[in-house]
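K.L.:
The following block contains the structure, expressed as structure tokens.
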């Protein structure tokens, strides 16, 4: 059953990365410990890199253009959905030290992997390959963060 196009899922992914980077930067501003501040800024940069990767994926797929009442309506809807349903600041740790920041980031990556895995059931088989690439990137990030956590 096809509900979303690959371009939709990539728009979800881009917005999730933007929101993640925004969260980590805001958290870094609030952090008092320099190690935590450095870690949070690192995580923000990682989200920026994921966004660039996903933009590259998006440039290689056909963009879905539904009929709109005004220009940008559909993309605005997708962004609002991600911002309200998946934006993770409500789940952020109240105590922000290096360990809790890493634990939160790892959990967020795991949630993203599950989300995209489930989303594969709502796209055409050809588009599932693009989602597999997103999942692969999220798994790399998960592994990277898990390695950092073992050191912390």
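K.L.:
Provide the descending list of Cα extents for region 105-152 along its principal axes, expressed in whole angstroms.
P.N.:
Per principal axis, max minus min of the Cα coordinates gives 41, 14, 8 Å.
K.L.:
Could I ask something else about it? Considering Cα pairs under 8 angstrom that are at least six residues apart, work out the relative contact order of the chain and quote it in whole percent.
P.N.:
Values: 149 pairs, mean separation 52.6, N = 152.
Value for the chain: 35 percent.
K.L.:
How do 37, 52 line up, fewest other C-beta atoms within 10 Å first?
P.N.:
Values: 37 18, 52 10.
Fewest-to-most Cβ neighbours within 10 Å comes out as 52, 37.
K.L.:
I would also like to ask the following. So between residue 150 and residue 32, what do we pick up on full extension, going 0.36 nm a residue minus the alpha carbon distance? The partial results should precede the final answer.
P.N.:
Details: separation 118, 0.36 × 118 = 42.48 nm, distance 2.26 nm.
Value of the extension gain: 40.2 nm.
K.L.:
Same structure, new question: Based on the Kirkwood radius over alpha-carbon pairs, what value in µm²/s does the Stokes-Einstein equation return for the translational diffusion coefficient of the chain at 20 °C and 1.002 mPa s?
P.N.:
Details: Rh = 16.2 Å.
For these conditions, the coefficient is 133 µm²/s.
K.L.:
Given a Förster distance of 22 Å, report the FRET efficiency between residue 118 and residue 64 from their Cβ-Cβ distance, rounded to the nearest 0.05. Intermediate values should be presented prior to the final figure.
P.N.:
Details: r = 20 Å, r/R0 = 0.89.
The calculated FRET efficiency here is 0.65.
K.L.:
Efficiency by 1/(1 + (r/R0)^6): what FRET value for residue 3 and residue 76, r their Cβ-Cβ distance, R0 = 22 Å, to the nearest 0.05? Could you put the intermediate results ahead of the total?
P.N.:
Details: r = 18 Å, r/R0 = 0.84.
Calculated transfer efficiency: 0.75.
K.L.:
Running a GNM on the chain with Cα contacts under 10 Å, which residue among 26, 60, 129 ends up with the highest mean-square fluctuation?
P.N.:
60
K.L.:
What whole number of Å gives the distance from the Cα centroid of region 113-138 to the Cα centroid of region 24-80?
P.N.:
Between the Cα centre of region 24-80 and that of region 113-138, the gap is 18 Å.
K.L.:
In addition: If I fit a long axis through the Cα atoms of helix 98-119 and take the longest principal axis of the Cα atoms of the chain, what angle between them do I get, 0 to 90°, rounded to 10?
P.N.:
Once rounded, one gets 20 degrees.
K.L.:
With each run of n ≥ 4 DSSP H residues scored as -39500 (n - 2.57), what mean residue ellipticity at 222 nm is computed for the chain after dividing by its residue count and rounding to the nearest 500 deg cm²/dmol? Provide the component values of the computation, followed by the final result.
P.N.:
Details: 5 runs with 112 residues, N = 152.
Helices in the chain give a 222 nm mean residue ellipticity of -26000 deg cm²/dmol.
K.L.:
Full extension from residue 103 to residue 22: what is 0.36 nm times the residue separation minus their Cα-Cα distance, to one decimal in nm? Write down the numbers at each step before the final one.
P.N.:
Values: separation 81, 0.36 × 81 = 29.16 nm, distance 1.78 nm.
Full extension of this stretch gives 27.4 nm more.
Readers should treat all values here as calculations from the given coordinates under stated rules, not as data from a laboratory. Keep in mind the model is a prediction, meaning the values are calculated, not measured. All Cβ positions, glycine included, derive from the backbone under ideal geometry; neighbour counts span all protein chains shown.
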